[in-house]
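Chemist: The structure that follows is given in the form of structure tokens.
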Amino acid sequence: MTKKQLALEVIKRLKKEYPDSDCTLEYSEAWKLLVSVRLAAQCTDARVNVVVKELYKEYPDINALAQADEADIERIVRPCGLGRSKARDISACMKMLRDEYDGNVPDDFNKLLKLPGVGRKSANLIMGDVFGKPAIVTDTHCIRLTNRIGLVDGIKEPKKVEMELWKIIPPEEGSDFCHRLVDHGREVCTARTTPHCERCCLEDVCKKRI
């Protein structure tokens, strides 16, 4: 079985196992997902979803957040960790959206990368979830599982994993595939305990590089 054939089989099985997989960060507008994904660095999505409610209560739109004092943003987002750097990035990002993009989040990958605090993972998440465009989000679950399964070979650097996956994952499947890897990584192919191979839908095709 080639890597491309393996990828298609994995996609098919995960689609059956997790038909409703979606982004676990809650948002109603594109800029809110930008804020949440920055806060999610080294923090759980569940905690981010709680913290942003207070943030948006005080600063309900891009202009309000762009005008906010960084120290006030930091006070609210501190429970997510790395409060100072996250507040700085969020403030600068909202200012840039206000001043350069008329308060709109650009639907261009390279323009997204120029926003403060936005890396490839965040840009791909926005492209896939907000704009429905081809995207591969190489978070820790994606990197761990694609190496274990055998879709990539001992590659840990997010961008390199992304580039390898682009070769074998159909563009229209990338975004949902990565969401399903998150669900599978949390429920079955876990990081902090022994993976539950005995109840894995990929058990017979996985390379089991644990």
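Values in this text are rule-based calculations from the coordinates and carry no lab data. This one's a predicted model, so the numbers in the text were calculated from it and none came from an experiment. Cβ coordinates were reconstructed from backbone atoms using ideal geometry, including for glycine residues, and neighbour counts include every protein chain displayed.
Chemist: Filter segment 168-210 down to residues that are free of Cβ contacts under 8 Å to residues at least 40 places away in the same chain, among the basic types (Lys, Arg) and assigned to a helix (DSSP H, G or I), then give me how many there are.
Modeler: Of the residues in that region, 1 qualify.
Chemist: Moving on to the next point. Take segment 1-40 and flag every residue that is touching a helix residue (DSSP H, G or I) at 6+ places or on another chain (Cβ under 7 Å) and of a type in the set (A, V, I, L, M).
Modeler: Ala7, Val10, Ile11, Leu14, Leu25, Ala30, Leu33, Leu34, Val35, Val37, Leu39, Ala40
Chemist: Across segment 92-105, what is the number of residues that are more than 17 Å from the chain's Cα centre (by Cα) and either of a type outside the set (D, E, K, R) or buried (at least 21 other Cβ atoms within 10 Å of the Cβ) (or both)?
Modeler: 8
Chemist: Then there is this: With respect to Lys16, determine if the residue is in contact (Cβ under 8 Å) with a residue 12 or more places away in the chain and in contact with a Gly (Cβ under 8 Å, 6 or more places away or on another chain).
Modeler: Details: in contact (Cβ under 8 Å) with a residue 12 or more places away in the chain: yes; in contact with a Gly (Cβ under 8 Å, 6 or more places away or on another chain): no.
Judged against the criteria, Lys16 is not a match.
Chemist: Mind telling me which of the residues Leu14, Leu65 ends up being under 13 Å from Ala87 (Cα atoms) and buried (at least 19 other Cβ atoms within 10 Å of the Cβ)?
Modeler: Answer to the selection: Leu65.
Chemist: If you take the residues in segment 132-179 that are crowded, with 17+ Cβ neighbours inside 10 Å and of a type in the set (Lys, Arg), which one is nearest to Cys23 (Cα to Cα)?
Modeler: Only one residue fits best here, namely Lys133.
Chemist: Suppose we filter segment 16-66 for residues that are part of a helix (DSSP H, G or I) and of a type in the set (D, E, K, R); how many remain?
Modeler: 10
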